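Here is the structure we will look at.
The values are calculated or read from the model by the stated rules, or taken from the named source; none is laboratory data. What you see is a predicted model; the values in this text were computed from it and never measured. Note that each Cβ is placed from the backbone with ideal geometry, even for glycine, and that neighbours are counted across all protein chains shown. Side chains are part of the model used for accessible areas, which takes the heavy atoms of the whole protein and leaves out ligands, DNA and RNA. Shrake-Rupley method; radii C 1.70, N 1.55, O 1.52, S 1.80 Å.
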Amino acid sequence: MTPTTTAPHPVVEAEENRRHEDAQLRIADAITAFAGSMQFVYLHALLFAGWMIWLESRPWPTLTLFVSLEAIFLSTFVMIGQNRQAEFSQAKANHDFAVTEQELHENTDITRLVQQLTVEIHNHYVRRVRADSHSAEGKRQ
């Protein structure tokens, strides 16, 4: 048996296309991916250790400035990512709501048709039973 694959969600597809087409988003994705990795941590541990040991005799003022600036930029990338995720989640929720609402209307229409057919079948059956009972009474008399 082959595994079934489902088509990607339309909002996911649109977001992937948007990210692929926008150079700024690709850069932000690359920076965010690197900043969230262990390689980032190892690189910074080595750089800061090297800075403190070999580059400056009193590294703290300059190192503190450098780290503070980096923290500002990284927190900005985190907020950009959170905003993009919130936009994506809202777009997906809106799409899912619209699809669910459409399905609800379709199901309501189908339920009404089934109810109408049930009434018609019931009425037809009742007329036939009455006709058969009148016919049987006529034959008995």
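What to note about this one:
- Each of Ser57, Ser133 has its accessible area taken with a 1.4 Å probe; listed largest first, they run Ser57, Ser133.
- Here the Karplus relation 6.51 cos²θ - 1.76 cosθ + 1.60, evaluated at θ = phi - 60°, turns the backbone of the stretch 126-131 into coupling constants of 5, 4, 5, 4, 5, 5 Hz, with x for every Gly and Pro.
- Cβ-defined net charge surrounding Thr62, 14 Å radius [Lys, Arg +1; Asp, Glu -1]: -1
- Cα-based shape type of the chain, given that a ≥ b ≥ c are square roots of the gyration tensor eigenvalues and the cut on a/c is 1.5: prolate
- Rounded accessible area of Val67 (nearest 10 Å², 1.4 Å probe): 60 Å²
- Whole-number accessible area per residue in Å² for the stretch 23-75, which is evaluated in the context of all protein chains at 1.4 Å: 76 Å²
- Computed over protein heavy atoms with a 1.4 Å probe, the carbon and sulfur contribution to the accessible area of the chain reaches 64%.
- Helix axis angle, 10-21 relative to the chain longest principal axis, alpha carbon, degrees: 30 degrees
- Residue-level accessible surface for His134, protein heavy atoms, 1.4 Å, Å²: 120 Å²
- Nearest 10 degrees, 0 to 90: helix 38-50 Cα axis against the chain principal axis: 10 degrees
- DSSP-assigned coil residues among GluC sites (Glu not before Pro) in the stretch 53-104, each with at most 14 further Cβ atoms within 10 Å: Glu56
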